[in-house]
Amino acid sequence: MAVDAVDAAQIRSALVRLRRTTGLPVAFGGLVESGRRQVRISELSGTATTALSALAVTAGNGLGGRAVALSRPCAVTDYSVSRQISHEYDLPVAAEGLRSVLAVPVVVRRRVRGVLYGALRTAQPLGDRTLSAAVAAARDAEQALVLRDEADDLLAAAAPGAPAPGAAGGAGWEQVREAHAALRALVPRITDPALRDELLRACGLLVAGSGPVPGPRLAPREVDVLACVAAGATNGAAAERLGVGPETVKSYLRSAMRKLGARTRTEAVAAARRTGWLP
């Protein structure tokens, strides 16, 4: 699956959530085109026409362009007469019959990657609760795109010719291990099965060779805990990252140590690396 297709799928999923949580009947959005300051509307949900399909929205223009330029949510009660925005896109908006519209940027690592819109066909204020729900949908998309970026980093690190642990690129590998731990922690929270499987494959590629060598079989959560420990996390920090209690982390860690024949956390991490469970 191409990167753009995966990113577009996240926008599509976020629009479904936006409509469900806000009650807005219409939602649409798209990604910022690579190397350009414009958003291409590619995903439509609840629309009655194709007037907005493939529309290119330039940063600073219209409602979505204003959201891109300011990197913050924007909303208008009646699009066609609003004095807060410019009106380059009035025709397609009117063709779809939209009046009250909000636009929320999807910001990843301080860069706007896309925009989510929600709209009504009547002119009425969009309250704080509606805007907050739309922002939450955008945050979901942001997290998924961050994960995709991390997966790309892992795949690059796992590519042929990448330095092995302990080699000259050792410092880089510590960063890779931190990314690996973050991915392992976040993967269970991803609802898109295709993206979840892709991220797990990326993690698998990074641990080198064909995967774990014959030996102890670790449960996924045991690997997750060891990945956090390997990245320097305390039990409390690992619990927060994994969304479980500290006692649960201790239980997984004790189980992993027993399986690996390790007496300490450090020994467990070293054994997990030797047997191919960790990078």
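The values are calculated or read from the model by the stated rules, or taken from the named source; none is laboratory data. Every value quoted in this text rests on a predicted model; they were computed, and no experiment measured them. Neighbour counts are summed over all protein chains in view; Cβ atoms, including those assigned to glycine, are modelled from backbone coordinates with ideal geometry.
Of note:
- In segment 228-238, residue modelled with the lowest pLDDT [restricted to those that are buried (at least 20 other Cβ atoms within 10 Å of the Cβ) and not β-branched (V, I, T)]: A231
- Whichever residue in segment 186-202 is hydrophobic (A, V, I, L, M, F, W, C) and modelled with pLDDT under 75 and, among such residues, is farthest from L147 (Cα to Cα): A194
- Filter result for E88 (modelled with pLDDT of 95 or more and farther than 18 Å from L15 by Cα): yes
- Filter result for R72 (surrounded by fewer than 18 Cβ atoms within 10 Å (Cβ to Cβ) and modelled with pLDDT under 95): no
- Annotation note: of P165, P160, the sole residue that is modelled with pLDDT under 60, loosely packed, with under 12 Cβ neighbours inside 10 Å and either within 20 Å of the chain's Cα centre (by Cα) or outside any strand (DSSP E or B) (or both) is P160.
- Any hit, segment 30-44, residues being loosely packed, with under 15 Cβ neighbours inside 10 Å and farther than 21 Å from R110 by Cα: no
- Residue within segment 26-45 that is touching a residue at least 24 places away in the same chain (Cβ under 8 Å) and more than 24 Å from the chain's Cα centre (by Cα) present: no
- Considering T58, T77, the condition of being polar (S, T, N, Q), more than 16 Å from A119 (Cβ to Cβ) and at pLDDT 95 or above is satisfied by T58 alone.
- Pairing residues of segment 93-120 that are in the same structural domain as L24 (by TED's automatic domain parsing) with residues that are among the acidic types (D, E) and modelled with pLDDT under 95, at Cβ distances under 6 Å and at least 6 apart in sequence or on separate chains, gives V106/E142; V108/E142.
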